[in-house]
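Reading through the structure tokens given below for one structure.
The values are calculated or read from the model by the stated rules, or taken from the named source; none is laboratory data. Just so we're clear, the structure is a prediction, and the values are computed from it rather than from any experiment. Heads up, the Cβs are rebuilt from the backbone with ideal geometry, glycines too, and the neighbour counts pull from every protein chain shown.
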Amino acid sequence: MNFAFIAMLPLDIGAHIPTVDPNVRLNVDYAKKIVIKHNLRYEAFFVIPDLISDSYIIKEKKNHLLFMGEDPRTNEQYNMVLKSAKSATETWLVTLHRTREEQVRSRLRRAKTLGTILREPERPFDE
């Protein structure tokens, strides 16, 4: 097993990609790649449950959900993408990285136009 279970995705959210497994997986080698590519510390992975529970959720592709939210510990803004496997029996973290407010606003404008926002956070970004 070269992956870890890193979070639980509520099935009502997972139904949008669709997936029947609430366990979010992360390949260990890919975690290292994310840390290096996006210049993150491993502590950044602690934001994942926060993004799942309180962030914007945008359906970007048939099997991809984009989560955009703030880390309540650092106030840094993050994008995270989860995807379901083709069999819909696994859920995987695709990417996690910090983002800037203007990128968030741009993606939100586009998602509002397309009608792909599935949830808004309780603590919205300053728009």
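Selection of segment 37-84 for residues being touching a strand residue (DSSP E or B) at 6+ places or on another chain (Cβ under 8 Å) and of a type in the set (Ser, Thr, Tyr) yields 55, 56, 78, 84. Just one of the listed residues (81, 94) is without any contact (Cβ under 8 Å) to a residue 24 or more places away in the chain and under 21 Å from residue 32 (Cβ atoms), and it is 81.
Taking residues in segment 63-75 that are without any contact (Cβ under 8 Å) to a residue 40 or more places away in the chain, and partners anywhere that are in a strand (DSSP E or B), the pairs with Cβ atoms closer than 6 Å and at least 6 places apart or on different chains are 67/57; 67/80. Just give me the residues in segment 79-117 being among the polar types (S, T, N, Q), part of a loop (DSSP other than H, G, I, E, B) and either in contact with a Lys or Arg (Cβ under 6 Å, 6 or more places away or on another chain) or under 18 Å from residue 17 (Cβ atoms) (or both), in sequence order. Listed by number, the residues that qualify are 87, 89, 116.
Residues of segment 81-110 that are out of contact with any His (no Cβ under 8 Å at 6 or more places or on another chain) and aliphatic (A, V, I, L, M): 85, 88, 93, 104, 108.
Once segment 24-47 is narrowed to residues that are loosely packed, with under 14 Cβ neighbours inside 10 Å and not in a helix (DSSP H, G or I), the residue that is modelled with the lowest pLDDT is 41. Which of the following residues is surrounded by fewer than 18 Cβ atoms within 10 Å (Cβ to Cβ) and more than 20 Å from residue 8 (Cβ to Cβ): 108, 114? That would be 114, the only listed residue that is surrounded by fewer than 18 Cβ atoms within 10 Å (Cβ to Cβ) and more than 20 Å from residue 8 (Cβ to Cβ). Considering every residue within segment 65-76, establish whether at least one is surrounded by 15 or more Cβ atoms within 10 Å (Cβ to Cβ) and part of a helix (DSSP H, G or I). No - not one qualifying residue is present in segment 65-76.
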